[in-house]
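Since the structure comes first, as structure tokens, the remarks are kept for the end.
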Amino acid sequence: MDGRAIGVFDSGVGGLTVLHECLVTMPHEDFVYLGDNERLPYGPRPLGEIRRFALEVGSYLAAHDVKLVVVACNSATAAALPDLQRALDVPVVGVLQPEAHAAARATRNRRVGLLATEATVASGRYEALVWSVDAGVEVHAVPCPRLVPLIEADDPFSAETVEAVREAAAPLKAAGVDTVILGCTHYPLIRPIFQRVFGRDVTLVFSADETAREVADALARKGIENDPAREGRYRFLTTGDPDAFRASGSRFLQLPIAGVERVAVAELAGAAA
Ligand code: DGL
């Protein structure tokens, strides 16, 4: 039995898609979620800078006594998963692998689309993971720099968001993909828009539920689960504006968020020093 919380982080509210599945799978665990909103978006930044941010946030959570860290951000996973696993004393679970493997298994015509941030696309990680299952699958990757800022904006379901999704989808439709990886944890927050744009014949893949299962397995393997009879608690931290985080977080998560605590970026940098 281990009463410590599980740490979950993202550049913003996108990782709440992963937190939601974790709450469904492990309702007896405590969670602390950190959104690095002050430095959002991560996607347009060089991989080295995202790696530094991820190490700062991961180290901050580890220093605050979490028992496992979930990197609920594809860009941070692409840039830093092995570095985080080496640097931290607690297990670290990322988000790319389950999606890549699910897409390789799901495609019937062996043409897979990837929608993700510039950093995730530039990392080439999805191709490597898809090809580790089936090297004959074509992967068509489209970087989507407009989407994360639009999803974090006041009206995430605006006409501009729909237009940005259409723009991202166009080359994938032209390539005839039958499976599309939503390779950014923000994208499932607007999943109905993607599904309408692609239609029913295209399978959308995202892996928050598998990530949650992987977290539960890791806790079981290490014998660090909490008491299954209890009800878990959650805490939210942001480097950005707590009121803005509370408003969009509770809307997307459909969960009352009573208070959001502010963490200064300097505190994160201090944790990794
Ligand atoms: N949710 C993050 C991801 O999965 C968004 C990155 C960003 O801030 O651009 O990549």
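Residues considered: Leu96, Leu81, Leu219. Largest GNM mean-square fluctuation over the chain, using C-alpha springs under 10 Å, is found at Leu219. Its residue count N fixes a reference of 2.2 N^0.38 Å for region 1-157, and the Cα radius of gyration divided by that reference is 1.06. Result for the chain in a Gaussian network model with C-alpha springs under 10 Å: among Val205, Val71, Val197, the largest mean-square fluctuation is at Val197. Residue exposure proxy: Glu29, Glu214, ordered by other Cβ atoms within 10 angstrom of their Cβ from fewest to most, comes out as Glu214, Glu29. In the chain, the calculated helix contribution to ellipticity at 222 nm averages -15000 deg cm²/dmol per residue, counting -39,500 (n - 2.57) for every DSSP H run with n ≥ 4. Simple point charges give the picture: +1 on the Cβ of Lys and Arg, -1 on the Cβ of Asp and Glu, and for region 144-197 a dipole about the Cα centre of about 240 debye. Considering region 86-214 at the alpha-carbon level, its Rg and Dmax are found to be 14.6, 46 Å. Largest GNM mean-square fluctuation among Gly249, Gly232, Gly183, using the chain with Cα springs under 10 Å: Gly232. Taking the Cα centre of the chain as reference, the dipole from Cβ charges on Lys and Arg (+1) and Asp and Glu (-1) amounts to some 540 debye.
Evaluated with a Cβ-only charge set (Lys, Arg +1; Asp, Glu -1), region 35-129 carries a dipole of roughly 520 debye about its Cα centre, given to the nearest 20. Please work out, to two decimal places, the log10 of the ratio I(q)/I(0) at q = 0.08, 0.14 Å⁻¹ from a Debye calculation in which every Cα of the chain carries one identical scatterer. Once normalised to I(0) and log-transformed, intensities are -0.30, -0.94. Computed packing ranks the peptides 261-271, 47-57, 6-16, 220-230 as 6-16, 47-57, 261-271, 220-230, most packed first, by mean other Cβ atoms within 10 Å.
For the chain, the antiparallel share of DSSP beta bridges with both residues in that region comes to about 0%. Compute the Rg to Rh ratio over region 137-273 from the alpha carbon atoms, using the Kirkwood formula for Rh, and round to two decimal places. Taking Rh as the inverse mean 1/r over Cα pairs, Rg/Rh reads 1.03.
Would you please give the FRET efficiency between Ala273 and Ser132, computed as 1/(1 + (r/R0)^6) with r the Cβ-Cβ distance and R0 = 41 Å, to the nearest 0.05? So the FRET efficiency works out to roughly 0.70.
All of the numbers you see were taken from the coordinates with simple rules; none came from a lab. The structure presented is a predicted model; accordingly, all values stated were derived computationally and were not measured. Cβ coordinates were reconstructed from backbone atoms using ideal geometry, including for glycine residues, and neighbour counts include every protein chain displayed.
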